[in-house]
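Report on the following structure.
The values are calculated or read from the model by the stated rules, or taken from the named source; none is laboratory data. Note that the structure is a prediction, hence the values are computed from the model and not measured. A quick note on method: Cβ atoms are made from the backbone with ideal geometry, for glycine too, and the neighbour counts reach across all protein chains shown. Areas reflect the complete protein model, heavy atoms only, side chains present, ligands, DNA and RNA absent. Shrake-Rupley method; radii C 1.70, N 1.55, O 1.52, S 1.80 Å.
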Amino acid sequence: AGCLHYIHAAETQCNDTPDYLPVFSRLSPQQRLRLVKEVMIGLLCESEPLPQHIEHVVAYLGIWQTIRTELEVEIDQEEDAYFDDEDLMKEIRNSCPPEMNTTNIQYNRGKTEEEKRERLRSDLVEAKLASRAKKKLTKINFGMDEESTTKINDVMNKSSSTLISLDRLIAQNKIIFEGGPPSAESRQYLRPTHEDKNYAFTWRLLCDDAFQEDTYIAMLGMTPLCCLNFNWKSSNFIKWQKALKMLMVENGMLGRLFCEDISNLHCGELCNADFAHTENHQRIKEIMKTVRDWRTLYEKNWNPSMLSSDQRFIFAICSTEPYAGKHHVLWLCEFLNQCKQEGISFEKSENYQTRLEIQQSLESFDVDGLAYPYHDFSDPILPTEYAYSWDRIGYNYETCGALGCYHYSTRSTESSLKKCSKCKIVKYCSRECQVKHWPEHKKDCKAMSIAAKKREK
């Protein structure tokens, strides 16, 4: 389901570039789909080897992060999804087993007004320093000397060796296992069937089924996921994300690959705040170099006439519902006919190896349609032209600091905003806006100026 959904996610550029994976997210959608396809074939088809290159391990983590995001969105939109049947949603909630207490601390919960203001000051200072650092880092030489390379490798090895500590596993177990599993009656009561098209619980039902199939004690005597203390009715995202990570990342072979080969180069958000701190710049340069190397290798052999080839493979192996964009209907009909001849039920998630072999025999069938995206949602972006959202020129912009003024300038053009002469951080579009905002800004001006000087040192 995760691989199949990634066709849609990458084509619409929605939830396909997790911030947690800075290198993977900066690859073009076509390159990411290629990696996801190769991982999918290795995972599902018994006669195919599981690729274990670093690119494929990161792509697997990309699938995990996409499912995690869909779970989060589903839980956030739970009430809207059932607006036609509020009584049913209420009954489902009332039948949900009691949750163990977990804390989800919000950004400003429990903070005083001065603490909130100080956080805003700090954010603004970091944004400004990040802007300056970005300008410098775009002009760097990607090559690194031996001392710098050794230093970053030491940091990465230290980080990867502590990814899964015993203390953290014990704490994690307490949150998602303490109290024991809910009863079988609770799991089945009001459980939607596939035919119900119950989109309010789609991803939770899929994950709940996967958890129930996990009866293997993976390591250190830890409890199998079939003994989780919640089921598909839960709206506790903290529990869902912890259990999903245990299933997809920390258990089994991929868990070992994650510990041994994945470092903070590939795992860990790269945001504007990171550019504001010089200790992050070596990692940023290494990320830039890796992205450039991976993209160059893929784009050298990319064929635009085969745009949706990888999408067809993923759909052929993973889908249980026949649908296609207008340019792929002919191929889909032939694929379904071939499945029928082989005695394969397309509506069931099985026979992956046979599905793969059928699709391999159809690679040269209806090749004209391969130049178009599978869903025909939008015109594709060429791999050589793709830019990750936060890296796009003009995506980030600067606004006038005065409340109620929405004048802005993009970073792709010379700024029309003028800095405050004292803090040199807040900007205004005119003298009038600066004077208007001064009674408010004077509370922060001196503090921001001092903070910026300390950070730069």
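Quick notes on this structure:
- For segment 350-366, a tally of residues being open to solvent by 80 Å² or more (accessible area, probe 1.4 Å) and at pLDDT 95 or above returns 2.
- Only a single criterion out of (1) part of a loop (DSSP other than H, G, I, E, B); (2) surrounded by 15 or more Cβ atoms within 10 Å (Cβ to Cβ) is not satisfied by Gly343, namely (2).
- Yes/no for Lys442 being farther than 30 Å from Thr12 by Cα, modelled with pLDDT of 80 or more and not in a loop (DSSP other than H, G, I, E, B): yes
- Scanning segment 299-319 for residues that are open to solvent by 60 Å² or more (accessible area, probe 1.4 Å) and either in contact with a Lys or Arg (Cβ under 7 Å, 6 or more places away or on another chain) or among the basic types (Lys, Arg) (or both) yields a total of 1.
- Just so you know, in segment 192-208 the residues that are open to solvent by 30 Å² or more (accessible area, probe 1.4 Å), more than 22 Å from the chain's Cα centre (by Cα) and not basic (Lys, Arg) include one that is modelled with the highest pLDDT, and it is Thr193.
- Leu50 vs. criteria under 22 Å from Ser319 (Cβ atoms), assigned to a loop (DSSP other than H, G, I, E, B), in contact with a helix residue (DSSP H, G or I) (Cβ under 6 Å, 6 or more places away or on another chain) and among the aliphatic types (A, V, I, L, M): yes
- Residues of segment 27-44 satisfying the condition of being open to solvent by less than 20 Å² (accessible area, probe 1.4 Å) and either β-branched (Val, Ile, Thr) or touching a residue at least 60 places away in the same chain (Cβ under 8 Å) (or both): Leu27, Ser28, Pro29, Gln30, Gln31, Leu33, Val36, Val39, Met40
- Neighbours by Cβ (under 9 Å, 6+ apart or cross-chain): first from segment 2-14, in contact (Cβ under 8 Å) with a residue 12 or more places away in the chain; second open to solvent by 40 Å² or more (accessible area, probe 1.4 Å) and part of a helix (DSSP H, G or I): Gly2/Leu206; Cys3/Leu43; Cys3/Leu44
- The criterion of at least 1 residues that are touching a helix residue (DSSP H, G or I) at 6+ places or on another chain (Cβ under 7 Å), at pLDDT 90 or above and farther than 26 Å from Leu50 by Cα is met, among helices (runs of 4 or more DSSP H) falling completely within segment 232-339, by 237-245.
- Of the criteria (1) closer than 29 Å to His328 by Cα; (2) modelled with pLDDT under 85; (3) of a type outside the set (Val, Ile, Thr), which one Tyr6 fails: (2)
- Residues that are farther than 30 Å from Leu336 by Cβ, at pLDDT below 75, part of a loop (DSSP other than H, G, I, E, B) and of a type in the set (A, V, I, L, M, F, W, C) do occur in segment 390-402, at least one of them.
- Enumeration of residues in segment 19-29 that are over 22 Å from Ile317 (Cβ atoms) and either modelled with pLDDT under 85 or in a helix (DSSP H, G or I) (or both): Asp19, Ser25, Arg26
- Any hit, segment 327-347, residues being under 27 Å from the mean Cα position of the chain (by Cα) and in contact (Cβ under 8 Å) with a residue 40 or more places away in the chain: no
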